[in-house]
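Please read the structure below before turning to the comments.
The values are calculated or read from the model by the stated rules, or taken from the named source; none is laboratory data. Quick caveat: nothing in here was measured; it's all calculated off a predicted structure. No Cβ is skipped: glycine too gets one built from the backbone with ideal geometry, and neighbour counts run over all protein chains shown.
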Amino acid sequence: MPKELIRLVDCTMAFDGEIVLNAINLTIHDKEFLTLLGPSGCGKTTTLRLIGGFETPTSGGIFFDGARINDVPPHKRRVNTVFQKYALFPHLNVFENVAFGLRIAKIPDGGGKKSRLPEGEIEERVQGALELVGLKGYHRRRVHQLSGGQQQRVAIARAIVNRPQVLLLDEPLGALDLKLRKEMQHELKEIQRQVGITFVYVTHDQEEALTMSDTVVVMNHGNIQQIGTPVDIYNEPVNAFVADFIGESNIIQGVMHKDYSVSFAGRLFECVDSGFDPNQPVDVVVRPEDVRMTPPDGGQLRGTVNSVTFKGVFYEIFIDVGEIEWMVHSTSAPKIGDEVGLLLTPEDIHVMDRPDLFPEGAEALTLEDVDPEPEFEDGGGDGEDGEEA
Amino acid sequence: MKRRGGLLAFPYAVWMILFTVVPMLLVVWFALTDEDGLPTVGNFIRLWDYGAVFGRSLGLAAVSTVICLLIGYPLAYVLSRETDAMRNTAMLLIMLPMWINILLRTYAWMSILENSGLLNQLLSFLRLPALHIINTPSAVALGMVYNYLPFMVLPVLTVITKIDDSVVEAAQDLGGSQATVFRRVILPLSLPGVLSGITMVFVPAVSTFIISKLLGGGKSMLLGDLIEMQFLGNTYNPYLGSAISLVMMVIVLISMALMNRFGEGEEEVMGL
């Protein structure tokens with residue numbers, strides 16, 4: 001593991017007495033691509049603004065390279081931010097936007113005095129940054145002559161030209177259309193590889209988080225739900241919220257019978273989970289792509305096909321099994337009204353603690369994030385972009 | 001579509017022709033004729049005698065505009081960072097005096113600045129020497145600043161308030177201290193407001209006559225007073241008065257054109 005760069009210790013943030021971040025602990029390593037993922041109002045943007053220095057935590061500490069930086073103003077931090085709405089300077093052209101940080105930087109010159117960067121170096125670094133983001137030759141343009149994607153590239157160039165140790169990105173692709181967003185995801189990843197610095201990325205798009213990140217931090221209601229690699233988060237979600245938010249899931253309430261045996265949907269299933277109390281209520285999570293359809297008598301469960309929707313690479317099928325409606329992803333399509341069997345193997349059944357996710361008064365924690373995130377529909381993991389399964 | 005638009009503008013067009021274009025043509029006509037209705041440029045030649053009045057008017061208006069800017073800009077900047085409620089209250093207070101007739105307001109200043117007025121009573125109470133500023137150019141400048149300050153504050157405040165917070169945060173993020181952010185981002189982005197503030201203060205200031213009459217005591221006659229005298233005073237001479245008005249208008253138009261030229265680069269940006 002590379003060395004630790006940023007550490008948040010018990011960081012709590014309250015606005016007007018309402019808690020937006022609830023004593024979170026987070027470690028960010030050098031050269032890591034870390035994504036803060038969660039629904040609107042989960043505290044992810046606030047976390048980013050704490051690191052950027054635009055907010056001071058109500059309690060707790062922020063450490064950068066071991067030094068406490070709670071009270072260090074933004075302009076003295078070795079981090080730069082790419083803002084959600086680009087926030088380019090409308091009175092400057094592309095070159096001057098990118099050169100902004102370099103022009104005002106004071107560098108120590110041997111004699112104890114501070115001096116400005118020489119013009120030649122500014123020119124060279126700005127052109128280099130523009131080339132890196134694919135905007136070579138655009139330096140004379142005015143910013144309002146650029147498209148959204150180009151403005152976003154300028155914002156990225158403007159940040160990385162200062163060679164920060166950490167780049168903070170606040171939903172930088174949120175305003176772009178789907179195709180451009182996918183393109184930029186790859187480009188951002190490539191830029192991160194080339195400049196070799198830490199990226200802290202905020203998004204509510206689970207697919208974006210899984211595609212780009214080394215580490216994903218799933219947040220909800222001002223709490224960190226899970227920290228892990230994209231593969232871990234997807235395959236081993238720690239609770240039903242994470243499972244539901246990352247990809248689509250069948251979440252069924254069940255009871256742990258004993259180790260390696262769980263009962264739900266009216267019968268007993270073999271599973272690979274252990275360590276629960278006997279008769280403990282649990283959430284059982286099954287990914288829709290893990291449910292296999294069989295002839296009516298071939299599975300553990302038997303149900304009727306309720307709906308079939310073509311999704312491109314697969315069909316999304318809803319099957320009524322008693323009280324429960326199961327979602328199944330399959331490349332073959334049954335007919336509506338067909339009787340089918342459902343087969344679950346022990347590895348596909350994920351048993352999770354049922355945390356009291358919404359305790360009494362939990363609504364008080366549901367604050368709007370500092371920045372509005374208009375595109376997100378609450379309910380989590382509806383997979384608007386149709387993730388490939 | 002265009003025809004219908006033209007029709008809707010008809011009342012305004014009639015209004016403009018009757019009350020702006022025709023009077024303007026009359027002013028030009030009067031300026032270029034003498035008492036006998038014969039064409040002449042004599043009215044303009046006579047203007048040289050009034051060079052001092054032109055100079056004083058432009059000078060006082062310029063000084064007042066600069067003072068308005070020096071007071072108004074910082075005020076607008078501070079207010080722009082306040083909460084909405086605070087800002088609205090402050091704006092109301094700034095606007096409040098404008099609800100009172102300018103004549104009344106200026107009379108009030110007269111009684112404050114008089115040699116035995118409120119100001120000097122206060123000074124003598126504090127055992128300080130009396131100030132004799134009534135009937136001086138300073139009193140006129142004071143009156144102008146008092147009356148026209150809101151015209152500077154409001155446009156500047158509007159423009160500064162519109163600057164996106166995230167642009168300011170971006171400048172901080174890129175290493176800008178508060179002073180740097182102000183100088184490199186807020187000031188250039190607020191220039192259009194400053195330019196319209198300057199215009200809105202300078203233009204009425206250069207043509208005022210009430211303020212100079214009441215606070216200047218007739219000793220520091222301004223263009224407005226001079227024009228008024230030609231039309232209403234005992235030196236009745238609408239031909240000369242028209243010539244003065246015309247020249248003053250040209251001067252104002254030229255200074256506005258210069259200002260717009262100066263601000264052109266900014267306006268293009270604000271047209272986002």
Check segment A:36-44 and report whether any residue there is part of a helix (DSSP H, G or I), free of Cβ contacts under 8 Å to residues at least 24 places away in the same chain and either surrounded by fewer than 16 Cβ atoms within 10 Å (Cβ to Cβ) or in the same structural domain as A:Ser213 (by TED's automatic domain parsing) (or both).
no
Condition check for A:Asp71: in the same structural domain as A:Thr229 (by TED's automatic domain parsing), surrounded by fewer than 16 Cβ atoms within 10 Å (Cβ to Cβ) and farther than 27 Å from B:Gly176 by Cβ
no
Out of the residues in segment A:88-119 meeting the condition of being touching a residue at least 60 places away in the same chain (Cβ under 8 Å) and within 12 Å of chain B (Cβ to nearest Cβ), tell me which one is nearest to B:Thr180 (Cα to Cα).
A:Gly101
Going through B:Met110, B:Met200 one at a time, which residue ends up being touching a Phe, Trp or Tyr at 6+ places or on another chain (Cβ under 7 Å) and surrounded by fewer than 22 Cβ atoms within 10 Å (Cβ to Cβ)?
B:Met200
Scanning segment A:27-50 for residues that are in contact with a Lys or Arg (Cβ under 8 Å, 6 or more places away or on another chain) and of a type in the set (A, V, I, L, M, F, W, C), which turns out farthest from the other protein chains (Cβ to nearest Cβ)?
A:Leu37
How many of the residues making up segment A:53-79 are out of contact with any strand residue (DSSP E or B) (no Cβ under 6 Å at 6 or more places or on another chain) and within 13 Å of chain B (Cβ to nearest Cβ)?
10
Can you go through A:Lys136, A:Lys85 and tell me which one is basic (Lys, Arg), away from chain B (no Cβ under 14 Å) and closer than 22 Å to A:Met184 by Cβ?
A:Lys136
Qualifying position, being under 25 Å from B:Ala62 (Cα atoms) and loosely packed, with under 13 Cβ neighbours inside 10 Å, among B:Asn101, B:Asn115, B:Asn147
B:Asn101
Can you find, within segment B:243-272, the residue that is modelled with the highest pLDDT among those that are within 14 Å of chain A (Cβ to nearest Cβ) and assigned to a helix (DSSP H, G or I)?
B:Glu264
Can you tell me which residue is farthest from the chain's Cα centre (by Cα) among those in segment A:147-175 that are more than 30 Å from A:Lys76 (Cβ to Cβ) and crowded, with 17+ Cβ neighbours inside 10 Å?
A:Gln150
Looking at segment A:76-92, is at least one residue small (Gly, Ala, Ser) and in a loop (DSSP other than H, G, I, E, B)?
yes
Residues of segment A:148-171 being out of contact with any helix residue (DSSP H, G or I) (no Cβ under 6 Å at 6 or more places or on another chain) and in a loop (DSSP other than H, G, I, E, B), which ones?
A:Arg163, A:Pro164, A:Gln165, A:Glu171
When you check B:Pro192 against the structure, is it touching a residue at least 12 places away in the same chain (Cβ under 8 Å), assigned to a helix (DSSP H, G or I) and away from chain A (no Cβ under 14 Å), yes or no?
no
Residue that is surrounded by the most Cβ atoms within 10 Å (Cβ to Cβ) [pool: residues in segment A:1-23 that are under 11 Å from A:Pro57 (Cβ atoms) and among the aliphatic types (A, V, I, L, M)]
A:Leu21
Tally of residues being over 32 Å from the mean Cα position of the chain (by Cα) and among the polar types (S, T, N, Q) across segment B:161-178:
3
So which of A:Gly275, A:Gly247 ends up being part of a loop (DSSP other than H, G, I, E, B) and buried (at least 19 other Cβ atoms within 10 Å of the Cβ)?
A:Gly247
Answer yes if at least one residue in segment A:217-238 is modelled with pLDDT under 90, crowded, with 20+ Cβ neighbours inside 10 Å and touching an Asp or Glu at 6+ places or on another chain (Cβ under 6 Å), and no otherwise.
no
Contact list, first residue from segment A:272-284 and more than 13 Å from A:Met352 (Cβ to Cβ), second anywhere and among the β-branched types (Val, Ile, Thr), beta-carbon distance below 7 Å, six or more apart or interchain, is A:Asn279/A:Val255
